[in-house]
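Down below is the structure, laid out as structure tokens.
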Amino acid sequence: MTTSSSTDSVTVLTHMYAAEAQYLAAGGPDKASFDLLAPYFAANVELDQADGLPYGGTWRGHSGMRQFFRTMGTVWESFDMVEQEFLATGETAVVLTQVHARARATGRDLSFPILQTIKIKDGRITEVRPFYWDTRAIADTCAVPAPTV
């Protein structure tokens, strides 16, 4: 059964992902304004990325999110969310995203799924927890091999 708050959560997420696509299409960090995304994130938002990723760690607040997107822009030449499924119950949503990306350092392409749990309160995202099936494949795709001596 879909409740009003779960519908609102899906609406917030749908609009945020559309704003993210617009942000990335405009060139991402240092070329597009984070102001496109800021309205969808609470001031105290927290994003936890797996430590094994080139952009791993915890990112907090709007300044943390700005830095996260800047870091993603240095890692990925392109990052296309080609398919998404949403499941929301109250203030919690789960989003399954199929991604196709190209690593900036290696030029290699990779397709992979991400499952995110997202908390939304008062129409803003307060917490994002992404889960990856294979963090090593992502890290390997982005890593330039060390020169052999």
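Okay, here's what the table says:
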quantity: Of residues in region 57-75 being under 11 Å from the mean Cα position of the chain (by Cα) and of a type in the set (A, V, I, L, M), the one farthest from Ala101 (Cα to Cα); calculated: Met65
quantity: Enumeration of residues in region 85-141 that are charged (D, E, K, R) and touching a Lys or Arg at 6+ places or on another chain (Cβ under 6 Å); calculated: Glu91, Asp109, Glu127
quantity: Meets criteria (small (Gly, Ala, Ser) and part of a loop (DSSP other than H, G, I, E, B)) for Gly52; calculated: yes
quantity: Qualifying position, being outside any strand (DSSP E or B), open to solvent by 60 Å² or more (accessible area, probe 1.4 Å), hydroxyl-bearing (Ser, Thr, Tyr) and at pLDDT below 90, among Thr2, Thr14; calculated: Thr2
quantity: Positions within region 43-60 being farther than 15 Å from Ile114 by Cα and open to solvent by less than 10 Å² (accessible area, probe 1.4 Å), in sequence order; calculated: Val45
quantity: Test: residue in region 28-41 that is touching a residue at least 60 places away in the same chain (Cβ under 8 Å) and either of a type in the set (Asp, Glu) or surrounded by 19 or more Cβ atoms within 10 Å (Cβ to Cβ) (or both); calculated: yes
quantity: Number of positions in region 61-80 that are open to solvent by 40 Å² or more (accessible area, probe 1.4 Å) and either within 20 Å of Gln22 (Cβ to Cβ) or not small (Gly, Ala, Ser) (or both); calculated: 7
quantity: Residue count, region 116-140 (criterion: basic (Lys, Arg), touching a helix residue (DSSP H, G or I) at 6+ places or on another chain (Cβ under 9 Å) and within 26 Å of Thr106 (Cα to Cα)); calculated: 0
quantity: From Gly123, Gly52, residue being more than 14 Å from the chain's Cα centre (by Cα), at pLDDT below 95 and under 15 Å from Leu13 (Cβ atoms); calculated: Gly123
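The values are calculated or read from the model by the stated rules, or taken from the named source; none is laboratory data. Quantities reported herein were computed from a predicted structural model and do not represent experimental measurements. Cβ sites come from the backbone with ideal geometry, for glycine too, and all protein chains shown count toward neighbours. The area values use the complete protein model at the heavy-atom level, side chains included, leaving out ligands, DNA and RNA. Shrake-Rupley method; radii C 1.70, N 1.55, O 1.52, S 1.80 Å.
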